[in-house]
Every structure is written in C-alpha cells, then in structure tokens.
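Presented below is the structure to which this report refers.
The values are calculated or read from the model by the stated rules, or taken from the named source; none is laboratory data. In this text, all values refer to a predicted model and were calculated from it rather than measured experimentally. A quick note on method: Cβ atoms are made from the backbone with ideal geometry, for glycine too, and the neighbour counts reach across all protein chains shown.
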Amino acid sequence: MLRVTAAVDVGHSLLLPIVRNYVKKYPKVNVDLVITNRIVDLVGEGIDIAFRAGDLEDSSLIARKFVTADMKFWASPGFVKKNGLPTHPREIAKFEFIRFSEAGAKFELVSTKEKMTTTLTGRISSDDLDAIKLLTVAGDGIGLFPFFICDEEVRKGKLVPVLPDWRYETGFFSLVYPAQKFVSPKIQAFIEIALEQGKACTKA
C-alpha cells in the first residue's frame with residue numbers, strides 16, 4: 001500500500017494523473033489517496049508521500065522540488081469578446097477578477113523586464129483554485145491560477161492567457177516524505193513518475 005496526500009485542488013489536477021500512471025506501471029501496488037486541505041501528520045497517519053507548497057519547515061521530512069506554483073492570468077473567449085483584455089498590469093483596475101482570497105488583493109507581478117504591484121478588483125473571491133477556474137471558464141472574470149490547474153481547459157480552447165508575459169511568483173510544490181535511511185522502491189518509483197509528469201506542468 002502506498003498512501004499519498006495532497007490539498008484538494010492540487011490533488012485533482014496533479015495527483016490523480018500521476019496515480020493513474022503509477023498503478024498502470026505497478027499493478028501490484030495499491031494506492032490510498034488522502035485528498036484534504038488540512039495539514040496531515042505524515043508519520044502519525046502513515047502517509048508515504050505528500051504534495052506540499054512552499055519551503056519545508058519540518059527537519060524530519062525530505063522534500064523534492066516538483067513543479068512551480070507561479071500563477072498566471074486566464075480568461076474565457078466569451079469574456080474576452082465582451083470585455084477585451086488588458087495589455088499591461090496598469091490597466092487591471094478596469095477589469096473584473098475572480099480573486100484568490102488567501103492571497104489578498106495586492107499582488108507583485110513579475111515579467112522578464114520589470115516588476116509592479118497591482119490590486120485586483122472583483123466581486124467574487126474564493127480560497128479554492130478549482131472554483132476560481134470554473135468561474136473563469138464561465139466568463140465571470142479573469143482568473144489567476146497555475147497552468148497545471150487549467151492545462152486541459154487551455155487545450156480545449158475554454159481558456160486563453162491574459163498578460164502572458166506576467167506572473168505572480170508563489171514558489172513551488174514539493175514531493176515530501178519522511179526521512180529514512182533507505183527510500184522504499186514504491187516511493188522512489190512514484191517520485192520518478194511524478195517528476196517526469198511534472199515537466200509538462202510548467203510549460204505555459
């Protein structure tokens with residue numbers, strides 16, 4: 001048995017495809033998914049691998065950088081047709097955004113040439129990236145979330161990039177597991193599959 005945990009939005013967008021490939025390649029290994037937004041005690045709850053954002057504070061755990069968590073702007077074609085698009089962050093105040101409530105309203109945006117702080121305005125906010133994505137696809141505003149959340153919608157033409165040269169830097173996601181003298185083959189195999197799939201998650 002391999003037990004893996006992730007937050008809800010990351011679990012749905014990143015974890016499930018990895019698990020599907022893993023069980024196809026290793027059909028004798030069972031996988032138990034713990035998809036929750038609470039902080040899981042890996043050792044106490046018998047978790048083998050966790051997907052975690054940001055820097056690792058617990059020295060009893062080992063982290064392998066997985067994918068960037070940087071966020072970019074997206075909108076539906078219907079929203080673009082009706083409202084147009086900003087061509088620079090200075091124009092952001094003219095548009096409706098679906099805001100990520102945990103990040104607040106002010107963002108420092110970065111491009112290859114400059115940085116600037118801007119404020120996103122919008123009547124709807126959420127602490128769930130999947131909810132923000134669905135509202136963005138529905139045309140209720142411009143959304144700000146990582147590419148790995150919406151790669152399928154982008155491929156199907158349901159979302160288009162907004163201000164593609166700009167991003168909100170939020171760090172990275174890591175594969176985290178308890179420190180141990182020998183990493184078991186089932187954990188090592190999962191990490192290898194995850195890292196390979198992770199390469200495709202940061203192409204936008």
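Data for the structure
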| item | result |
| --- | --- |
| For Ala138: the one exception among (1) hydrophobic (A, V, I, L, M, F, W, C); (2) modelled with pLDDT of 90 or more; (3) in contact with a Pro (Cβ under 8 Å, 6 or more places away or on another chain) | (3) |
| Total residues in the stretch 152-169, condition surrounded by 17 or more Cβ atoms within 10 Å (Cβ to Cβ) and under 30 Å from Leu61 (Cβ atoms) | 2 |
| Only one of Ala194, Ala179 that is outside the structural domain of Gly78 (by TED's automatic domain parsing), touching a strand residue (DSSP E or B) at 6+ places or on another chain (Cβ under 8 Å) and farther than 19 Å from Arg20 by Cβ | Ala179 |
| Filter result for Gly143 (more than 27 Å from Leu42 (Cα to Cα) and assigned to a strand (DSSP E or B)) | yes |
| Number of positions in the stretch 129-145 that are over 17 Å from Thr170 (Cβ atoms) and not aliphatic (A, V, I, L, M) | 4 |
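This table checks each residue for (1) under 18 Å from Pro178 (Cβ atoms); (2) assigned by TED's automatic domain parsing to the domain that holds Cys150.
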position	(1), (2)
Asp32	yes, no
Asn37	no, no
Val80	no, yes
Asn83	no, yes
Thr87	no, yes
Ala93	no, yes
Ser101	no, yes
Leu109	no, yes
